[in-house]
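One structure is given below, encoded as structure tokens.
The values are calculated or read from the model by the stated rules, or taken from the named source; none is laboratory data. Quick caveat, the model's predicted, so the values are computed rather than measured. We place every Cβ from the backbone using ideal geometry, glycine too, and count neighbours over all the protein chains shown.
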Amino acid sequence: MTCKLDKLLLQDLLDDTLDPIEKLFVDEHLKICPECRKELNELKLLFWDLSDKSTYEIELPPELDQLKGILLEQVSEPSSQSSFTALVEIQRKNIRSASRFLDYVPGVKASNNLAKESLKATPSALKLVSKGLLKSTKLLKAK
């Protein structure tokens with residue numbers, strides 16, 4: 001026999017995020033469904049196992065110490081540039097990195113091309129608008 005209860009309700013029961021009516025329904029269902037009781041017990045064991053952080057082992061890569069040393073040397077090294085020049089250089093690098101990143105974002109190239117085309121058209125559009133403004137101001141002065 002396969003149970004048709006939504007298994008997410010069991011997780012919500014453990015998280016204590018069920019409405020009182022849903023909780024009552026799930027509790028009553030658990031009284032008659034061995035499959036869901038088994039599933040609930042497995043979820044409890046999983047949550048208990050995940051909450052026990054003493055079992056976590058994280059191996060740090062050996063290169064991490066070398067990277068740390070290199071970064072500390074670069075930061076603590078006195079700069080021959082003025083602080084303003086160094087700041088400008090950092091900003092240039094950031095902008096270059098950001099533009100390289102944007103090359104991989106879908107649709108950016110197309111929007112850049114569209115922006116370039118609209119910038120080319122801007123002077124002629126501004127010229128037309130300014131001509132219209134001149135005409136309208138001449139008409140207002142005439143009246």
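Here I90 passes the criteria (1) surrounded by 10 or more Cβ atoms within 10 Å (Cβ to Cβ); (2) modelled with pLDDT under 70 except the one numbered (2).
Scanning segment 1-26 for residues that are loosely packed, with under 10 Cβ neighbours inside 10 Å and either in contact (Cβ under 8 Å) with a residue 40 or more places away in the chain or part of a loop (DSSP other than H, G, I, E, B) (or both) turns up M1, T2, K4, D16, D19.
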